[in-house]
Structures are given as C-alpha cells and as structure tokens.
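These notes concern the structure reproduced below.
The values are calculated or read from the model by the stated rules, or taken from the named source; none is laboratory data. Treat the numbers as computed from the prediction; the structure is a model and nothing was measured. Here Cβ is always computed from backbone atoms with ideal geometry, including for glycine, and neighbour counts include all displayed protein chains.
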Amino acid sequence: MDAEQQIEEIRNFSYKKMVTDHTGHNFDHIKRVVKMATKLQKEEKTDKIITIGAAYLHDVADDKLVSDPPKLESEIREFLHGIKLNAEQIEEIMYITHNLSFSKSLSKNPPKLSLAGQVVQDSDRLDAIGAIGITRAIYYGGVNSETIYDPTIKPREKMNKAQYRNLDNETIINHFYEKLLKLTSMMNTTTAKKIALHRQQFMYEFLNEFKSEWISEK
Ligand code: ADP
Ligand code: NI
C-alpha cells in the first residue's frame, strides 16, 4: 500500500468515527483541519503521512467526545498497524493527537511537538477562531447549555489546565477571552499566525458589536 492509499484509508476510518459527532467536531471540522494542514505541510515541508494522518485522527480519541479514550487509542494503533504504518510512524501520530490540545498547553510542562505536530496544532487552532470559530463556540455552548453572556461573570483569563477543564459557570462570550483570543499568539508557524491575525480582528469586531447590542445595565 502506498502513502496515498494509506491516507485514503485513514480518511475513511476518521469519517466513520467522526460522522455522528454533534459537538462541533464533526467530519466538516476534520476536513477543514486537513485542508489547512495540507497547505502548511507543503510550506513547512513536514512528513505528509504523519501530518495528514494526525490531522485526520486528532479528535478521534478526544476525552470530550468518547468515554474511553485509551480504548480508542488502541483501536487507532491497531488500525494504523493494519494499513502497514511502521511503529515509529504510529508513535509519532499518536503522540501528536494526544498532545496538541489547548488544555495540554496550559499544563506546567507543556508537551513539545515536532514541526509536523505544530502544523496540525496550528490547523486545529485556526478552525477555533474567525467566523467558523465563533459559530463553533456558540454551537458548543448551546449543546452544553451554557449561558450566552453574563457581564457579572468575569472571564478567568489566567487558568491552569485543571481549572480550564473544570469550568463551571462558563458563558459563550467568556470562552473567547479564556481561549479563542489567546490562540493567535500561540500559533507556531508564520503562515498560521498571519491567517490568525485576520481572524482575530474579526472576532474583536464581533465582540464589540455583540456588546453594543446587549441589554444596557442602566
Ligand atoms: P478543538 O477540537 O478545536 O481542539 P475543543 O475540543 O476544545 O476544540 O472544542 C471544540 C469547539 O468548541 C472549539 O471551537 C472550541 O473553541 C469550542 N469550545 C470548547 N469549549 C467551549 C466552551 N466551554 N464554550 C464554548 N465553546 C467552546
Ligand atoms: Ni479539532
């Protein structure tokens, strides 16, 4: 099996796993991340099967989406072994998918990612900002019964990993300050940073408009 066929198999596996998701992680999210990763992979000249493979698989074992992530991780490993990736390739893909999340980068010793990992991380993060990012945050907030906005609840802008994972009282608008507006300065590659700056500008405009339309407190 050549690399193109392996990527096709990974695509089909990811599709089967993600197609039913209703948290904003569905296969459309995956396709956008893969598209961006393909562009960045060419520019950064990272390994194709590692970069595109990890982009397809990055949310399959996400602990927000599945009840037993280690079980999913072994399933992915077995699958990759079955399509004849070697042990080193499998470990690198698993390391990237396990370590790219925003919450992991809030830990005391954030995991170091290879350039391929950084490309996938940038691609995932770009999909969390801009017009699509705004829509996903609102969608996620709706699915999780978050309040839209409450000016009396201040955003917690400095949080460690545990605090971020245990947010009670989260509002959709606070999520912008607690995560989305931080992503631009966290981008790894120059191209991603440039795209992020534009998307960030749009989010600021959105937040300004939103607040100007909100109920006056008088
Ligand atoms: P990703 O798959 O992009 O790494 P997450 O799994 O953290 O992102 O979340 C999926 C989408 O929902 C992202 O766009 C994210 O910013 C948004 N999101 C995550 N947590 C919240 C929240 N508490 N409130 C609103 N949106 C959220
Ligand atoms: Ni994702």
Within segment 86-105, restricting to residues that are over 21 Å from residue 162 (Cβ atoms) and of a type in the set (A, V, I, L, M, F, W, C), the one that is nearest to ligand 1 (Cβ to nearest atom) is 96
Next on the checklist: Based on this model, can you work out whether residue 72 counts as at negative phi, buried (at least 18 other Cβ atoms within 10 Å of the Cβ) and modelled with pLDDT of 95 or more?
Outcome noted: no
The lone condition residue 159 fails out of (1) in a helix (DSSP H, G or I); (2) within 19 Å of residue 125 (Cβ to Cβ); (3) not charged (D, E, K, R) is (1)
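Restrict the check to segment 130-139 and report whether at least one residue is part of a helix (DSSP H, G or I), more than 14 Å from residue 29 (Cα to Cα) and within 10 Å of ligand 1 (Cβ to nearest atom).
Looking only at segment 130-139, we keep the residues that are part of a helix (DSSP H, G or I), and these are 130-139.
Keeping just the survivors that are more than 14 Å from residue 29 (Cα to Cα) gives 138.
From what is left, the residues that are within 10 Å of ligand 1 (Cβ to nearest atom) are 138.
The answer is yes; a qualifying residue exists.
Yes/no matrix, rows are residues, columns are (1) surrounded by fewer than 18 Cβ atoms within 10 Å (Cβ to Cβ); (2) within 14 Å of ligand 2 (Cβ to nearest atom):
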site	(1), (2)
88	yes, no
96	no, yes
100	no, yes
118	no, no
122	no, yes
127	no, yes
136	no, yes
From the option list 184, 190, single residue qualifying as within 24 Å of residue 44 (Cα to Cα) and free of Cβ contacts under 8 Å to residues at least 12 places away in the same chain is 190
Quick check on residue 154: is it part of a loop (DSSP other than H, G, I, E, B) and surrounded by fewer than 16 Cβ atoms within 10 Å (Cβ to Cβ)? yes
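In the set 42, 16, 108, which member is outside any helix (DSSP H, G or I) and away from ligand 1 (no atom under 13 Å from the Cβ)?
108
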Practice prompt. State whether one or more residues within segment 184-192 are surrounded by 14 or more Cβ atoms within 10 Å (Cβ to Cβ), on the phi < 0 side of the Ramachandran plot and either modelled with pLDDT under 95 or in contact with a Gly (Cβ under 7 Å, 6 or more places away or on another chain) (or both).
Written response: no
